[in-house]
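Remarks on the structure that follows.
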Amino acid sequence: MSIYGAMFSGVSALSAQSNALGMISDNISNVNTVGYKGTSAAFATLVTESATRSQFTPGGVRSMPMSNVDRQGLLQGSANTTDLAIAGRGFFVVNEAANPGPGNEVLFTRAGNFRPDAEGNLRNAAGYYLQGWPLDANGTPIGNTSVLSSVETVNIGNLSGAARATQNIELDMNLPSNAVAGDTHDVTVQIYDSLGNAHDLTLEFEKTVANDWDVSITGMLQSGTTTDSLTAAGMTALTAYVGNITFAGNGSPATITLPNIAITGFVSGADNSNIAIDGGTAGQNNGIVQFGGDFFLRNIDQDGVRFGEFSGVAISEDGVVTALFDNGDRQEIYQLPIAMFANVNGMEARDGNAYQQTDRSGELVLATANSGGAGRVAASALESSTVDLANEFTDMIITQRAYSAGTKVITTADEMLEELIRIRR
């Protein structure tokens, strides 16, 4: 009977609109949730098989949640260096445990409000731990980057600095061509031993004949001392050192003979040092040159550093996590993988604004950020919720009206049934 069908159709309308209101309510409640992706209601008709050309049998309607996981939220700046967002496709890989075991689940999220816990593990507000590829000393990921088993929890705690002995010195300077034989010019370089102690190394350039300069060491002392002794207070001992530079008529070096500097006997207990000197390239004006005018030192550089304490991290667009130390040293420790799926809207939502891989989402692909279609990592930024309050309130009004109309169908069908019952009275 069509009246009963109309009543059941009205009931389905109430159920569908109630379901839609629940989605709107969830969206509004998550308007300030970092990385939240709004859900919208998709309505579909229900058609009964008994409907014919001459008689219509009402079916009804149903509503299904439509995920909008692929929608990009606005990026907002943050003062925290470990707050992360993805501009473009992909998800951060997270785990529910700091030290994942076989029973701990790998999930995926866009909520990048990560903070170090008491052990230094990066964890977001939902309690999920950020996963990354550990890097070796050369900045290369350790293990197979195409599988999840190669990732581990990103930890920035207990990072101790280290000293680095000077291994290379680069000189960029001008030796005056109008100098006479016997003229000398000194260059003092602060170098470091393997324990981070600073030493002043003095190189003397002495002109012998036209276009020819000898190089020797005249002083090696601990930084801050005033003595000129080659082995001041027994601090160091140097092997004999003699270098030579000859210049062509155009001012560029013709030959550069600068042997490595061997330093032994550090009383601090530091390892022996072997330091290479880079004076440029023969035939080019990219280092030590000889032109008229005064002696001047344009640039001097060495690669040693004193001992440094951990001062923070920097995260690049490629997802490389770099530890920073107060001595200027930098150490790449992790690279964040970006998880990619063919159908992100087919993923299953989990608590804490995370998602789980499903059959409908397609296979997981781990990619490097900012390459291969994966989005770039934005450090000191968070992705805002995709919820638009204006749209949600508009949809709420429409849903309310549709619900009221559905109740009107039921009350009207009820009145028609009542009229039918009155016929036999």
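The values are calculated or read from the model by the stated rules, or taken from the named source; none is laboratory data. All values reported here derive from a predicted model rather than from experimental measurement. Note that each Cβ is placed from the backbone with ideal geometry, even for glycine, and that neighbours are counted across all protein chains shown. Just so you know, the surface numbers come from the protein's heavy atoms only, side chains and all, with ligands and any DNA or RNA stripped out. Shrake-Rupley method; radii C 1.70, N 1.55, O 1.52, S 1.80 Å.
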Among (1) in a strand (DSSP E or B); (2) open to solvent by 70 Å² or more (accessible area, probe 1.4 Å), residue 275 falls short only on (2)
Close pairs from the range 142-164: first over 21 Å from residue 113 (Cα atoms), partner among the acidic types (Asp, Glu), Cβ under 6 Å, at least 6 apart = 142/136; 161/309
In the set 87, 13, 79, the lone residue that is in contact (Cβ under 8 Å) with a residue 40 or more places away in the chain and crowded, with 18+ Cβ neighbours inside 10 Å is 13
Is there any pair with a first residue in the range 346-370 that is without any contact (Cβ under 8 Å) to a residue 24 or more places away in the chain and a second that is assigned to a helix (DSSP H, G or I) and of a type outside the set (Ser, Thr, Tyr) whose Cβ atoms are under 6 Å apart and which are 6 or more apart or on different chains, and what are they?
-> 358/346; 360/346; 361/346
Assess whether residue 233 counts as being out of contact with any helix residue (DSSP H, G or I) (no Cβ under 6 Å at 6 or more places or on another chain), modelled with pLDDT under 90, in a helix (DSSP H, G or I) and open to solvent by 60 Å² or more (accessible area, probe 1.4 Å).
-> yes
Just give me the residues in the range 32-54 being open to solvent by 100 Å² or more (accessible area, probe 1.4 Å), at pLDDT 75 or above and part of a loop (DSSP other than H, G, I, E, B), in sequence order.
-> 32, 47
Residues being open to solvent by less than 60 Å² (accessible area, probe 1.4 Å) and touching a Phe, Trp or Tyr at 6+ places or on another chain (Cβ under 7 Å) - total across the range 174-186 = 5
Cβ-Cβ under 9 Å pairs, at least 6 apart or on other chains, the range 253-272 side on the phi > 0 side of the Ramachandran plot, far side of a type in the set (A, V, I, L, M, F, W, C) and open to solvent by less than 70 Å² (accessible area, probe 1.4 Å) = 265/235; 265/237; 265/238
